[in-house]
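Below is one structure, written out as structure tokens; comments come after it.
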Amino acid sequence: MSRTVLVLNGPNLNLLGTREPATYGRETLADVSALCSRSAAQLGLEVDFRQTNHEGELLDWIHQARGRYAAIVINPAAWTHTSVAIRDALVAVELPVIEVHISNVHARESFRHHSYVSSIALAVLCGFGINGYRLALEHLAQWLSTQEQSA
Ligand code: DQA
């Protein structure tokens, strides 16, 4: 069974560090990637960490994940609130999905309160800052071990 987790990031997350730091913090996307790699190593996982500003590219990456990865951790960013296509792709590949948001979307504008992904996700983390990515990997490590034991 694969122990590699695909960590996907949607639009504008390449601007982390300079983009609305009061909301998203000062850490860059490279810092998030390093945090994921470090956490994965401690948890006996591997990560493939990616970001795109192009929805079709994200869809292609999700399609290619089927059978190759143990799970998907995704921060769909603005597409969370708009994209049925991303939700459908995540359902189609039949992998466990954890949705992560750096900010607490429920404490922000009402258009951020609805997510097309949450109802098909194993778990949702928001408001933990970039630590949410580490928490997602921790949960997956445990969840995957339980799955392996019962297989
Ligand atoms: C975000 C929250 C979204 O509403 C927003 O569009 C983002 C980032 C977050 O990580 O807090 O781009 O997903």
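Read the figures in this text as sums done on the coordinates, not as results from a lab. Remember, it's a predicted structure, so these values are computed and weren't measured experimentally. Note that we place each Cβ from the backbone using ideal geometry, even for glycine, and neighbour counts take in every protein chain shown.
List of remarks:
- Think of the chain as a dipole: +1 on every Lys or Arg Cβ, -1 on every Asp or Glu Cβ, centred on the Cα centre; then among Val7, Ala92, Gln64, Val7 lies furthest on the positive end.
- Residue order, fewest to most beta carbons within 10 Å, for Thr28, Thr80: Thr28, Thr80
- Take every Cα pair under 8 Å whose residues are at least 6 apart in sequence, average their separation, divide by the length of the chain, and the relative contact order is 27 percent.
- Positive-end residue, the chain charge dipole about Cα centroid, Cβ charges, pick of His106, Ala141, Pro76: His106
- Amide H partners (placed H, <5 Å) of Glu46, local residues excluded: Thr4, Val5
- The shape of segment 1-130 comes out oblate: with a ≥ b ≥ c from the C-alpha gyration tensor, a/c is at least 1.5 while a/b does not beat b/c.
- Size of electric dipole in the chain: Cβ of Lys, Arg +1 and of Asp, Glu -1, about Cα centre, debye, nearest 20: 180 debye
- Pairwise label distance in nanometres, Arg108 with Val84, each label 7 Å out on the Cα-Cβ vector: 2.4 nm
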